[in-house]
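Asker: Handing you a structure now.
The values are calculated or read from the model by the stated rules, or taken from the named source; none is laboratory data. Just so it is clear, the structure is predicted and the values come from calculations on it, not from any experiment. Heads up, the Cβs are rebuilt from the backbone with ideal geometry, glycines too, and the neighbour counts pull from every protein chain shown.
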Amino acid sequence: MKRTTLFHIFHILLCITVLAASGCIETDHKQPDSAAPIEIIPCGEGVTGTDADYLIFVPKTLFVGSESSISMSAFGDAHEPVERCVTYTLSDSDNNRIPLVRASTGKSGHSVARFETPQVEEGTYSLIAEPVGTDQEYIATVRISKSNPIFIETDKPIYKPGQTVHGRILLLSNNLKPIEDSVELEIADANGIKVFRETLETNGFGVATFDLPLSTEPNLGTWKIKAEAGESKSVVDIEVERYVLPKFEIETEIGKDWFLVSDLIAGTVSANYFFGKSVDGSVEIEAVKYTGTWETYATYSAILENGSAEFELPAVEWIAGTYGAGGQGSLMLNISVTDTGNHTETTTELLKIVESDTILQLIPESSTVKPGLSFEVLVVTEDPDGNAIDTNVSITAVFHEPGYTETVRDDTVTTENGIAILSYTIPDNCTGAYIEATCRDTSDIGDVVCRSVNLDAAYSPGASFIHIVQTSDGVPNVGDTITFAVHSTNPGTVFYDIFANGRTVYSGTSERSEIAVQVTPQMSPAAKIVAYMINPNSEVSADVLPFDVRFETSVDLTSEFGSDTVAPGDAVRVNFDAGVGSMIGVAIVDESVYALSSGRLNLKQVFDELEKRFMVPQIEIHPEYGDYYENRLLGTYDILDDAGMQVLASPSFDIPKTPVPEARDMWKGVGGRNVAVMDMMVEEAEAEAMPAPAAMPTAALSGEAEADDELATVERVRQFFPETWLWMPDLLTDDQGHAQIDLTAPDSITTWQLHAVSTSEDGIGIAEDSLTVFQEFFLEPDLPYSVTRGEVFPVRVQVYNYLDMQQDVKLTLSTGDWFEIIGDEVVTVPVGANSVGDTSFTITPTEIGTHTIEIAAQTKATADAVRKEIIVEAEGTRQEIVENGNLDAGTGSITLDAALPPGIVDDSGVVLVSFTPSIVAQTINGLDSLLNMPFGCGEQNMIMFAPDVEVLRYLKATDQTNPEVQAKAELFIITGYQRQFTFRHNDGSFSAFGEGGREGGSLWLTSFVLGSFAGARDVTSIDDSVLADASNWICEHQSGDGSWESIGFVCHQEMIGGMEGGYALTSFVAIALADYGAADPAVLEEAQAYLEANLEEQTDPYPLAIASVA
């Protein structure tokens, strides 16, 4: 039982901490509790709220339009459950009251008041609970938020200039039901210029649609689509590029993504066309390792057999680890595959070179130990891929006690299947714990692997605790039974609520030591159980434990093509079944588009959105100073507060809070070594399919057919090659949820991916299907995105023959007035059975613009013809001339010189006009190039750190971040943040060389650090005690007149920017304290009085400028 308990905890490292409310009751736990929906218990005749004590649990945040709930319990004089009636209202700052719900606790004395949060303005409100018939009021402060999930869908993730971006918005409640509301939509181009803005209204299905035609000369790169509704915001990136779709996909199978420096690297490369056939051809692999620079250390060549080839590369032998990779080395495999038609596709595989093959983990069942109760820790040993390793592990547990005493216990365990469990009985007066584990890896040397964790302790004046442990195995599915064991200091009734997605979905009581609950869809994707009991001394004990549920949508949407494979031009039928009247958004996109990028709304995106709203980080990293960690004592109030809940209680109940210690207990790591602290928190319209053109006349080719009667005649010219076959954002079903679409298959020989998302009052559904369009013989021109006028350009053509016999193929290039043919316009090429051949025509484009090229392939058995477009661009070097101006409200017009200069290339001139509402509305480009890794002394470190923070803050504020830039900035910021502590003095101040130097703290540098760290809170975790200590040190050195005189010195005078004198320094220090936001108000008032009193004496504009900011 213990093994399954902690093994499950191992699987829920990404647990959800859900913002809270409450649910229904069941007291017979011999069978799993009923999963029936929660119903409000109405107040019976004559039932009041008098003569009772109450415990009421209220969520700290309510979401407008979403279901919310309040868990309530009523007790008599002997703490026996009684039936009482309570009215709940919401009150704003003007004391306007809005009724919410009136409900009874029921015969069991414990139930849930459920309601829909009313449509009120966002802000802070009072939630008032009034027992009926009394003058009592229990008041909680709650925040009303309009933070509902917004999903942005586009038909595809990447676009060419001149294409149209099709999109739709889904606005849902926190239980994923549609919402009607206004949504502000903005689209910014790759330079951050807003090119589209519109206010959209979602319909009854939570859907709003939009379209954005792209110009033929857009800014290329990452565009951002941003949707906002109230406090909710969603941003989706799309790419606008000049590209050609890949013809086949390359996949690698290596078995693992990590290797030791001594390991051979072996795997398999496979390649398949998007219409399902395997690629014949060759593969080239270049292995590149990072040794300070990227260098090629091995190459490999092979022939593909049935679309795949095995490879083996030598060991890297040595490599440079990097900070960003956690000290691991990086190995890159550049893989290129060339088919028998001489077409090449490439891909890259990034592998890790690790120092050790053993990963050691310590996973406590909770972040908080309960004195006097049992506690278990899971020890896991595995390789970097998660495969179990059995080995001996030495563990030292240190239990801290008052008076800086401690109890130490040493154990050695052997993991079996990579797992071992340690059980502890926590000492009665424990104030915190530190556990460290060590083992040796499986290498010949046997390097030591170490892991440690610090744990807080629960606090109870009466030494009464409750502890929950999950006893069922694994992550449950909907319909499964999940069980929990309850350990408590005192016997008694356990009240429990299960919270998920911002509301209570189940509630109950138990007289036993085990709770069993049937998992419902409302608990998906994760929930938490909150258990509490009333002890004999009227003290309330509580515990919180999160658990995962396999995520499922509430609607089982299905979509199905009428067949798996069709030929170009065939009729196609698609059927949908949502089970209930719904609106379905449908996109059918060429699979090769997704090979370039991804962009479909999937279950992971929905899960991530819920995670963003209702989860907190599972692991928090807290900085340590001098290898010390500050233990916390957590009372019931704090445990519930951390879970997003607040408790309203009658005076007869004691809700313990964390005591304020006279001195902080700081504990040093075992053995004096540096301790990496992990605080494991257990709360831890119409169809927009481009119509397929009718079969084109083949007169231009008939003459060729008459010249050779034995060749097959081209019956149909393929010319409909969309990337998006169908975009239908608002398909309505009938009342039973059925819908049907009739289409014509495009001419692309590929696999089409259908993606559908439905919305209804029952929630959302997601479905996918695929259809392959294929014919056994076809040609495919291998065209680039564009060519240059006047260049000699080979039009390469691949011929695909999947017939059982070799074909002698006659290829004919139709003449056109936009190019000249160099050489033959008719060629014959033999193509073997089930293989691909190629040839080429040479032409010279003579006209700029978008033109059509047509090629036919004929054999005695069959024929095919293709008509495609190609862009011809002007020769020469592109030059831009920019003219700027301002449109004034008074005049409303401006004249700009748009004349093109003489001597430009013929037909190459283009005039583009863009408008921005103000100068500051345009974003600044290229800021990521300002990022630098902090280094050097305490001043040099801050010279690099401060710009890194401001750049990332700006990029986030303007929605210009991308994963690469953000990861780079965060790495630099975290590095600079940690480095700066080496220049920190014991009194909280900072200087260029810290305690190692002879100088004391520098007032200017300490203020600079305070202001910079305060700003960095927007982009990373900053320890508040560091800010408080620096602020206190600064405040202590304020002069009597409110000013500050220089203390310490600054080596790098360029940091000061020419600032001289006490007036400028006082302004600078006051700004830093104000940015911190928690400095002594009296200090700031005195500084302000000094600055105002001495303002007239200032003649230097620099002090005047910073004083005006202060």
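Asker: Filter the stretch 331-348 down to residues that are surrounded by fewer than 19 Cβ atoms within 10 Å (Cβ to Cβ) and on the phi < 0 side of the Ramachandran plot, then give me how many there are.
Answerer: Summing the residues that are surrounded by fewer than 19 Cβ atoms within 10 Å (Cβ to Cβ) and on the phi < 0 side of the Ramachandran plot in the stretch 331-348 gives 10.
Asker: Can you tell me which residues in the stretch 480-497 are touching a strand residue (DSSP E or B) at 6+ places or on another chain (Cβ under 7 Å) and assigned to a loop (DSSP other than H, G, I, E, B)?
Answerer: GLY492, THR493
Asker: Looking at the stretch 450-464, which of its residues are surrounded by fewer than 21 Cβ atoms within 10 Å (Cβ to Cβ) and assigned to a loop (DSSP other than H, G, I, E, B)?
Answerer: Hits for the stretch 450-464 are PRO461, GLY462, ALA463.
Asker: Say we look at the stretch 362-405 and pick out the residues that are surrounded by fewer than 17 Cβ atoms within 10 Å (Cβ to Cβ) and assigned to a strand (DSSP E or B); which of these is farthest from the chain's Cα centre (by Cα)?
Answerer: Here the answer is THR405.
Asker: For residues in the stretch 44-58 being of a type outside the set (Val, Ile, Thr) and at negative phi, which is surrounded by the most Cβ atoms within 10 Å (Cβ to Cβ)?
Answerer: PHE57
Asker: If you scan the stretch 208-234, which residues turn out to be more than 26 Å from PRO149 (Cβ to Cβ), in a strand (DSSP E or B) and at pLDDT 90 or above?
Answerer: Listed by number, the list holds a single entry, PRO213.
Asker: Looking at MET1055, is it out of contact with any Gly (no Cβ under 9 Å at 6 or more places or on another chain) and either modelled with pLDDT of 95 or more or within 15 Å of ALA1107 (Cα to Cα) (or both)?
Answerer: no
Asker: Could I ask something else about it? Restricting to the stretch 511-538, give me the number of residues that are surrounded by fewer than 21 Cβ atoms within 10 Å (Cβ to Cβ) and part of a strand (DSSP E or B).
Answerer: Qualifying residue count for the region: 3.
Asker: A further question on this structure: Take the conditions over 29 Å from SER786 (Cα atoms), surrounded by fewer than 19 Cβ atoms within 10 Å (Cβ to Cβ) and out of contact with any His (no Cβ under 6 Å at 6 or more places or on another chain) and apply them to ILE303. Does it pass?
Answerer: yes
For (1) β-branched (Val, Ile, Thr); (2) surrounded by 21 or more Cβ atoms within 10 Å (Cβ to Cβ); (3) not in a loop (DSSP other than H, G, I, E, B), each residue gets a yes or a no:
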{"residue": "ASP735", "(1), (2), (3)": "no, no, no"}
{"residue": "ALA739", "(1), (2), (3)": "no, yes, yes"}
{"residue": "ASP742", "(1), (2), (3)": "no, no, yes"}
{"residue": "PRO746", "(1), (2), (3)": "no, yes, no"}
{"residue": "ALA756", "(1), (2), (3)": "no, yes, yes"}
{"residue": "SER770", "(1), (2), (3)": "no, no, yes"}
{"residue": "LEU779", "(1), (2), (3)": "no, yes, yes"}
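Asker: Being under 21 Å from GLN775 (Cα atoms), polar (S, T, N, Q) and in contact with a Ser or Thr (Cβ under 7 Å, 6 or more places away or on another chain) is the filter here; which residues of the stretch 556-582 pass it?
Answerer: THR565
Asker: I've got another one for you. Of a type outside the set (A, V, I, L, M, F, W, C), modelled with pLDDT of 90 or more and under 30 Å from VAL240 (Cβ atoms): is that true of ARG168 in this structure?
Answerer: yes
Asker: Test VAL544 against the criterion of being under 33 Å from the mean Cα position of the chain (by Cα), closer than 30 Å to VAL82 by Cβ, assigned to a strand (DSSP E or B) and of a type outside the set (S, T, N, Q), and give yes or no.
Answerer: Here the answer is yes, as VAL544 does meet what is asked.
Asker: What's the number of the only condition in (1) surrounded by fewer than 16 Cβ atoms within 10 Å (Cβ to Cβ); (2) within 35 Å of the chain's Cα centre (by Cα) that PRO491 fails to meet?
Answerer: That leaves (2) as the condition not met.
Asker: Also: For the structure I just gave you, tell me whether ASP1024 is among the acidic types (Asp, Glu), at pLDDT 85 or above and surrounded by 18 or more Cβ atoms within 10 Å (Cβ to Cβ).
Answerer: no
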